[in-house]
Amino acid sequence: VLAESLVVFAVVLSVHGVVWDRFSWCALALALQAFYAQFKWDRLLQLGGAVFQFRGAANSGLLPASMVIPLLGIVMKERCRAAGIVYFERFGVVVASTGMLLALFLSVLAVGITKPVPTNTCILTGMAGSVIIYTMKHSLAVSEVIEVLEVLLIFVYLSMILLYLLPRCFTPGEALLVLGGVSFVLNQLIKRSLNVVEGRGDPIDFFLLVAVVGVVLLGLFFTVLFLFMDSGTWISSLFFHMMTAVLGLGVIMPWLYRLIQRNPLLWLLQFLFQTQTRLYLLGYWTLLAASACGVVFCQNAKRSSESKKHQASTVTRKYFHFIVVATYVPGLIYDRQLLYVAAVLCLAVFVFLEYVRYFRIKPFGQTLRHLLSLFLDERDSGPLILTHIYLLLGMSLPVWLFPRSCAPKGTLSGAGALVPYSGVLAVGVGDTIASVFGSTVGEIKWPGTKKTFEGTMTAIFAQIIAVALILIFDSSVNLNSSYAWILASVSLVSLLEAYTTQIDNLLLPLYLQIMFMA
């Protein structure tokens with residue numbers, strides 16, 4: 001925990017050294033209080049005193065998760081300020097303020113339910129909270145304050161519902177990241193739906209917002225419904241498919257139509273088949289998807305009837321990392337907008353299939369349970385299997401969160417040009433190489449972990465080679481001699497991979513994106 005915290009503090013200080021404004025000072029105060037509050041959460045988890053059931057075999061992860069959204073907002077604000085885009089500069093301020101308030105709420109919650117009350121941590125949390133609220137008071141307009149409070153309110157209610165319905169699926173830090181992100185997306189969708197201006201906004205952004213909110217609302221609806229009826233019967237399964245079609249065509253499609261002012265299905269078909277390059281990419285991705293399915297079927301065919309508890313090896317699970325790298329790199333080089341939309345569609349399909357598996361919807365629910373059980377690891381301790389969804393999110397978030405409006409020629413200068421590649425470098429290359437080499441040839445273990453020194457060093461070397469290959473094949477990337485910063489960024493994130501017990505597929509790309517954008 002201490003080593004993980006040191007890496008996070010190094011990232012916070014790096015961003016603070018570059019930005020050096022009131023928000024970066026707030027980030028330092030937030031990191032300091034989250035460091036102390038994290039130990040209160042860890043103690044609550046060990047004693048079973050937390051309000052909800054969180055994922056075991058991991059610490060709370062409060063500090064690394066608390067800093068992600070604020071730091072993303074701060075570096076986005078700086079990039080957009082430099083580009084002269086005032087709207088997105090203010091948007092970055094709102095993102096940073098929202099992230100700080102959500103993290104502060106989680107810290108106050110831990111302090112409040114800890115008995116006896118930890119006096120020192122209370123004082124530190126109060127001081128950090130005072131600094132953050134004072135800064136927000138002098139930095140945000142009234143409408144922006146209301147927006148931040150709306151996200152906090154949505155987060156509180158969403159946390160109470162989902163953490164109760166999905167025990168042992170998240171650590172407190174993962175819940176902050178996932179539910180905080182969903183809360184922010186839901187608030188943005190409501191805000192933009194109420195203030196639709198024809199011709200304003202990119203349709204692919206609306207497509208992401210509606211897809212995320214749609215699958216979450218679909219899951220909540222069926223979770224409540226199947227509390228009162230058996231989901232494993234044919235009648236329930238038929239009702240599931242009918243209601244999915246009704247909600248999709250009767251709610252989500254009209255909602256999307258209102259936002260983009262055109263038929264969503266026709267727009268999507270026109271978008272996907274607009275150029276010859278997109279047809280080639282779609283065909284190539286179809287072949288890769290078929291090969292991924294082939295890996296799943298082949299591994300299950302090897303499972304003997306005597307070894308029902310047999311699990312896929314680390315190397316076998318990393319096949320999917322190689323496949324996903326082969327998927328994303330051509331999209332990043334040739335057509336990032338297509339990759340953006342394809343990743344949104346893929347996320348919706350993944351979540352829908354997880355609903356089918358979780359609710360045992362006929363005819364594929366039980367089959368999916370059997371096929372995917374082979375690839376479970378210790379992080380899938382709850383009722384949901386989220387590892388493959390986290391992998392998709394880790395690769396996609398740098399593409400989705402890339403500030404296109406603040407990039408004059410579609411790319412940022414310096415290390416910022418590598419921002420869309422953050423997922424590929426951190427998860428697709430770094431995490432994969434570290435796991436494969438660490439588990440096969442690694443001997444020197446980092447203190448207190450199962451990760452090896454050889455795996456981490458090999459991961460750093462592999463990511464540097466990957467950056468060199470990106471420079472060769474992607475002509476839009478121009479690093480402007482920022483090689484030392486890239487090496488430091490890759491090294492810090494690789495050290496975080498060695499020490500964190502959180503979902504690395506989700507955490508590592510976001511930290512690498514923060515460093516590249518800074």
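The values are calculated or read from the model by the stated rules, or taken from the named source; none is laboratory data. Note that this is a predicted model, so its numbers are computed, not measured. Neighbour counts run over all protein chains shown; Cβ positions are idealised from the backbone, glycine included. Surface areas here come from the heavy atoms of the whole protein model, side chains and all, with no ligands, DNA or RNA. Shrake-Rupley method; radii C 1.70, N 1.55, O 1.52, S 1.80 Å.
All but one of (1) open to solvent by less than 60 Å² (accessible area, probe 1.4 Å); (2) under 30 Å from Arg90 (Cα atoms) hold for Leu165; which doesn't? It fails just one condition, (2).
If the condition is being surrounded by 13 or more Cβ atoms within 10 Å (Cβ to Cβ) and within 16 Å of Pro172 (Cα to Cα), then region 143-159 contributes Leu152, Phe155, Val156, Leu158, Ser159.
Of all residues in region 125-137, those satisfying the criterion of being without any contact (Cβ under 8 Å) to a residue 12 or more places away in the chain and of a type outside the set (Ser, Thr, Tyr) are Gly126, Ile133, Lys137. Scanning region 17-34 for residues that are of a type outside the set (Gly, Ala, Ser), out of contact with any Asp or Glu (no Cβ under 6 Å at 6 or more places or on another chain) and either surrounded by fewer than 21 Cβ atoms within 10 Å (Cβ to Cβ) or not in a helix (DSSP H, G or I) (or both) yields Val18, Trp20, Asp21, Arg22, Trp25, Leu28, Leu32. When we screen Thr223, Thr277 for residues that are open to solvent by 40 Å² or more (accessible area, probe 1.4 Å), hydroxyl-bearing (Ser, Thr, Tyr) and in a helix (DSSP H, G or I), the only hit is Thr277. Taken together, Val419, Val467 contain a single residue that is within 21 Å of Asp335 (Cα to Cα), free of Cβ contacts under 8 Å to residues at least 60 places away in the same chain and touching a helix residue (DSSP H, G or I) at 6+ places or on another chain (Cβ under 9 Å), which is Val467. What is the one condition in (1) at negative phi; (2) assigned to a loop (DSSP other than H, G, I, E, B); (3) surrounded by fewer than 16 Cβ atoms within 10 Å (Cβ to Cβ) that Ile465 does not satisfy? The single condition Ile465 does not satisfy is (2). Taken as a whole, region 15-33 holds at least one residue that is within 16 Å of Gly173 (Cα to Cα) and not aliphatic (A, V, I, L, M). Restricting region 428-447 to residues that are over 9 Å from Thr458 (Cβ atoms) and hydrophobic (A, V, I, L, M, F, W, C), the residue that is surrounded by the fewest Cβ atoms within 10 Å (Cβ to Cβ) is Ile444. Pairs linking a residue in region 196-217 that is modelled with pLDDT of 90 or more to a residue that is open to solvent by 30 Å² or more (accessible area, probe 1.4 Å) and of a type in the set (Phe, Trp, Tyr), with Cβ atoms under 6 Å and 6 or more positions apart or on different chains, are Val210/Trp255.
Enumerate the helices (runs of 4 or more DSSP H) found wholly within region 76-171, keeping only those where 2 or more residues are more than 28 Å from Gly219 (Cα to Cα) and within 21 Å of the chain's Cα centre (by Cα).
Working: elements: 86-113, 119-139, 142-165.
Where helices (runs of 4 or more DSSP H) fall fully within region 76-171 and carry at least 2 residues being more than 28 Å from Gly219 (Cα to Cα) and within 21 Å of the chain's Cα centre (by Cα), they are 86-113.
Is one or more of the residues making up region 503-512 in a loop (DSSP other than H, G, I, E, B), touching a residue at least 60 places away in the same chain (Cβ under 8 Å) and more than 23 Å from the chain's Cα centre (by Cα)? No, there is no match, as no residue in region 503-512 is in a loop (DSSP other than H, G, I, E, B), touching a residue at least 60 places away in the same chain (Cβ under 8 Å) and more than 23 Å from the chain's Cα centre (by Cα).
The single condition among (1) surrounded by fewer than 18 Cβ atoms within 10 Å (Cβ to Cβ); (2) in contact with a helix residue (DSSP H, G or I) (Cβ under 7 Å, 6 or more places away or on another chain) that Gly61 does not satisfy is (1).
Scanning region 179-195 for residues that are open to solvent by less than 40 Å² (accessible area, probe 1.4 Å) and without any contact (Cβ under 8 Å) to a residue 12 or more places away in the chain gives no hits.
Return the residues of region 64-90 that are open to solvent by 20 Å² or more (accessible area, probe 1.4 Å) and touching a Pro at 6+ places or on another chain (Cβ under 9 Å); say none if nothing qualifies. Across region 64-90, the qualifying residues are Met76, Arg79, Ala83, Ile85, Phe88.
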